[in-house]
2 protein chains.
Amino acid sequence: MKEKIIELLNRADDYISGEEISKHLGVSRTAVWKVINHLREEGYEIESVTRKGYRLVSSPDILNEEELHYNLNTNVIGNKIISYDSVDSTNQQAKKLALEGAGEGTVVIAEEQTAGKGRRGKNWVSPPKTGIWMSIILRPDIMPENASMLTLVAGLAVCKAIREITSLEASIKWPNDIVVSGKKICGLLTEMNSEIDYVNFVVVGIGINVNIEEFPPELDKMATSLMIEGNQIYKRKRIINKTLEIFEVYYKKYLETEDLTNIIAEYNECCINIGRNVKVTSRSQNLKGIVKEVTRKGELIITDPQGEDIEITSGEVSIRGIYGYV
Amino acid sequence: MKEKIIELLNRADDYISGEEISKHLGVSRTAVWKVINHLREEGYEIESVTRKGYRLVSSPDILNEEELHYNLNTNVIGNKIISYDSVDSTNQQAKKLALEGAGEGTVVIAEEQTAGKGRRGKNWVSPPKTGIWMSIILRPDIMPENASMLTLVAGLAVCKAIREITSLEASIKWPNDIVVSGKKICGLLTEMNSEIDYVNFVVVGIGINVNIEEFPPELDKMATSLMIEGNQIYKRKRIINKTLEIFEVYYKKYLETEDLTNIIAEYNECCINIGRNVKVTSRSQNLKGIVKEVTRKGELIITDPQGEDIEITSGEVSIRGIYGYV
């Protein structure tokens with residue numbers, strides 16, 4: 001009933017009377033009154049005026065399905081949202097749900113991750129109620145080797161969403177970080193479950209540091225948050241919705257060609273690697289050079305000191321001036 | 001206690017007295033006697049002679065961990081075996097266990113699959129107690145693009161194991177079938193869970209038709225069993241152990257080079273595609289030609305009617321004379 005009352009309050013242009021709510025839901029006035037009080041306790045600011053009724057002044061930044069669906073303008077991405085107070089990691093939870101059949105576009109989100117993960121099982125700090133910890137389940141009809149590009153698609157969506165909502169100068173650090181002021185503000189972790197030539201599902205994990213006030217000393221030089229950079233508290237809901245909406249647009253464009261052809265120009269505009277001195281450390285090679293571009297297949301092209309162009313598909317990329325690399 | 005008594009009976013060269021068993025396990029003679037009777041009900045043939053004790057004459061073809069571990073000579077593959085009476089599919093179960101942390105070499109096996117799966121979610125018939133329905137969990141330190149070769153590694157192991165145990169002329173139909181007399185006797189389904197450049201785990205599913213007496217009419221021309229071909233009942237345990245042992249050897253060889261360099265000669269010897277007229281149907285192309293070889297990267301090389309060699313990495317391959325393709 002709580003969700004339905006939130007919906008009615010959200011939909012009402014102006015005041016909505018307790019009587020109207022109680023009729024609409026077929027419950028007593030007292031029941032409505034109790035829920036309204038409960039919502040106030042949760043942080044909803046609800047004005048009540050005699051003979052007019054209730055009016056929703058503001059909602060708290062709670063990440064439940066109802067709050068997230070409200071104002072979300074997508075067709076597929078987020079058509080189902082599963083929210084938790086606390087999970088080990090949203091990617092882990094999304095993989096389990098996908099194994100059980102969760103469909104394309106399902107979003108798994110949590111107020112807190114107790115064992116958030118970055119690449120290769122690295123720890124990812126995800127304190128409660130201050131960040132966006134979410135995973136999108138996708139079931140694209142693509143070849144497995146093309147799935148890694150979805151990290152770049154999601155990165156572009158997050159970067160654009162942060163720019164739009166906060167006006168901060170966010171950039172993409174290829175392949176899976178978003179940075180502001182040379183520090184990490186978002187990390188992406190794409191995981192795939194596939195057969196040889198068939199993708200069962202992809203999980204795109206997105207972690208955004210939103211209202212984190214400060215980081216522990218060991219992370220302070222590497223990580224930042226929207227709040228630290230923008231000097232204000234941001235509504236996570238708005239960033240989530242914007243990210244999902246933009247992601248849906250780019251995801252469609254990606255599916256048309258099964259690569260980045262339609263969005264690579266925008267990607268390169270947002271990519272902080274371009275033109276920078278980098279060092280690449282991977283299993284197969286270590287090399288230094290200057291980044292030329294990201295290709296429509298998602299590879300990084302680096303011009304080495306001999307002037308030769310080298311194609312990088314994976315590995316750790318350190319950029320001079322970013323994350324303390326000098 | 002049942003497992004421990006089976007172990008003692010298996011280990012005893014000759015008779016072992018009830019007293020010895022009861023001392024060894026710290027239980028009463030009556031308790032031992034009860035378990036012995038229970039085992040006889042399950043199909044264990046146990047001789048008992050006054051003043052000598054018990055002797056195991058023969059074991060039923062039950063696929064529990066104890067029976068499978070006994071006589072299994074591997075280091076890693078099958079070091080943990082998880083057996084079920086019935087599961088939806090062993091691959092599905094293995095993927096869940098792997099998500100929860102199951103280690104390299106864990107084998108998941110079931111007497112029956114209620115929703116056995118072939119490639120792309122196709123149905124796989126797996127009646128109770130007559131087949132080998134198992135999945136091997138692997139955690140190789142390889143690049144995701146090299147994981148598909150594990151299907152070929154497993155195929156070679158199954159083919160060799162069937163040849164050794166049954167003397168039937170089994171062959172590999174690239175990439176994921178084993179055939180006898182032009183009909184399918186085994187199917188493989190490799191699934192992977194990965195990040196962009198990191199493999200979380202691989203599940204190699206193996207389904208072998210062992211003692212299936214007959215197939216439904218719609219499968220009759222496509223599928224066969226070891227029993228049909230060899231006119232006898234085979235002990236599944238022996239085939240499982242042999243398969244896991246040979247797989248371990250080839251798997252090691254694969255890991256040394258992260259491709260098939262060390263085993264491709266043997267593979268091509270076993271591969272029924274070689275020299276045959278085939279038709280390939282994939283998302284990107286349809287072509288006919290004669291198969292030249294499988295490469296050390298696991299690709300199929302086909303010489304087309306114009307004499308050009310074409311490299312195939314995936315798709316449905318129909319071989320003239322096999323599975324009713326004329």
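The values are calculated or read from the model by the stated rules, or taken from the named source; none is laboratory data. Only a predicted model underlies this, so the values are computations on that prediction, with no experimental measurement involved. Positions of Cβ are generated from backbone atoms using ideal geometry, with glycine treated the same way; all protein chains shown enter the neighbour counts. The accessibility values were calculated without ligands, DNA or RNA, using every heavy atom of the protein model including side chains. Shrake-Rupley method; radii C 1.70, N 1.55, O 1.52, S 1.80 Å.
Descriptive notes on the structure:
- Cα-based values for chain B, radius of gyration first and Dmax second, are 21.9, 80 Å.
- Long-range amide H partners of B:SER17 with built H, under 5 Å: B:TYR54
- Relative contact order for chain A: 13 percent, from Cα pairs under 8 Å spaced at least 6 residues apart, divided by residue count.
- Chain B residue nearest the axis that carries B onto A, by Cβ, with distance in whole Å, is B:ASN193, 3.
- Surface composition of chain A: carbon plus sulfur atoms contribute 46% of the solvent-accessible area (1.4 Å probe, protein chains only, all chains present).
- Each copy carries a label point for A:ARG40 at 7 Å from Cα toward Cβ; from one copy, the others' points are 7.9 nm away, ordered from shortest.
- Couplings 3J(HN,Hα) of region B:51-64, computed from phi: 6, 10, x, 9, 9, 7, 8, 7, 9, x, 8, 9, 9, 9 Hz, in residue order, whole Hz [Karplus 6.51 cos²θ - 1.76 cosθ + 1.60, θ = phi - 60°; x for Gly and Pro].
- Fraction of alpha-carbon pairs over 17 Å apart in region A:277-319 - percent: 18
- Size of the B/A contact, given as accessible area buried on both chains, probe 1.4 Å, in Å²: 2600
- Shape call, region B:2-58: gyration tensor on alpha carbons, a/c limit 1.5: rounded
- Per-copy distances of the B:GLU19 label point, shortest first, in nm (7 angstrom along Cα→Cβ): 9.5
- The protein assembly as shown: Rg to Rh, with Rh as the Kirkwood radius over Cα pairs: 1.06
- Under 27 Å from the Cα of A:LYS23 - lysines, other chains or at least 8 residues apart: A:LYS2, A:LYS4, A:LYS34, A:LYS52
- Relative contact order (%) - criterion: Cα under 8 Å, at least six apart; region: region A:277-319: 39
- GluC sites (Glu not before Pro) restricted to DSSP loop in region B:30-104 with at most 13 other C-beta within 10 Å: B:GLU100
- In this assembly of identical copies, the label point of B:SER167 (Cα plus 7 Å along Cα-to-Cβ) is separated from its counterparts by 8.6 nm, sorted shortest first.
- Residues losing 30 Å² or more accessible surface upon assembly, region B:192-241, compared with the chain by itself, 1.4 Å: B:MET192, B:ASN193, B:SER194, B:GLU195, B:ILE196, B:ASP197, B:TYR198
- Accessible area in square angstrom per residue, the protein assembly as shown, 1.4 angstrom probe: 45
- Straight-line cross-link reach from B:LYS253 at under 14 Å between alpha-carbon atoms covers these aspartates and glutamates, not counting any fewer than eight positions away in the same chain: B:ASP141, B:GLU245, B:GLU266.
- Here the Karplus curve 6.51 cos²θ - 1.76 cosθ + 1.60, taken at θ = phi - 60°, turns the phi angles of region A:155-167 into couplings of x, 4, 5, 5, 4, 5, 5, 4, 4, 5, 7, 9, 6 Hz, with x standing for Gly and Pro.
- CD proxy at 222 nm, helix term only [per DSSP H run n ≥ 4: -39500 (n - 2.57); per residue of chain A; nearest 500]: -9500 deg cm²/dmol
- With θ taken as phi - 60° and the Karplus curve 6.51 cos²θ - 1.76 cosθ + 1.60 applied, the whole-hertz 3J(HN,Hα) list for region A:4-11 is 5, 5, 4, 5, 4, 5, 5, 6 Hz, x standing for glycine and proline.
- Restricting the trypsin sites (Lys or Arg not before Pro) of region B:110-143 to loop positions (DSSP other than H, G, I, E, B) with no more than 15 neighbouring Cβ atoms within 10 Å leaves B:LYS122, B:LYS129.
- Between amide H atoms placed 1.01 Å from N, distances below 5 Å from B:VAL27 occur with no residue 5 or more places distant or on a separate chain.
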